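Everything below concerns the one structure shown next.
Read the figures in this text as sums done on the coordinates, not as results from a lab. All values reported here derive from a predicted model rather than from experimental measurement.
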Amino acid sequence: MSRPPETYVCVDCGGVAHLITILPADAEIEPGYPLVYRCADCMERFDIIWEPEDYT
């Protein structure tokens, strides 16, 4: 099963962006699933469409 990362490096400030989308615990996340991250430092919101091959 493919799961998105919980955090990544913020492209705006270099801080840590955290996944704030609540994911279903027992379901596979399909490509095209919308995700929302928010940076803990600059508070910028990032809406991302999940494409697992981008993280392999």
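Summarising the amide proton neighbourhood of VAL16: residues at separation of 5 or more, or on other chains, whose placed amide H is nearer than 5 Å comprise CYS10, ALA40, ASP41. Calculation over all alpha carbon pairs of segment 7-55 in 5 angstrom steps from 0 returns a P(r) of 5, 22, 26, 24, 15, 7, 1 percent.
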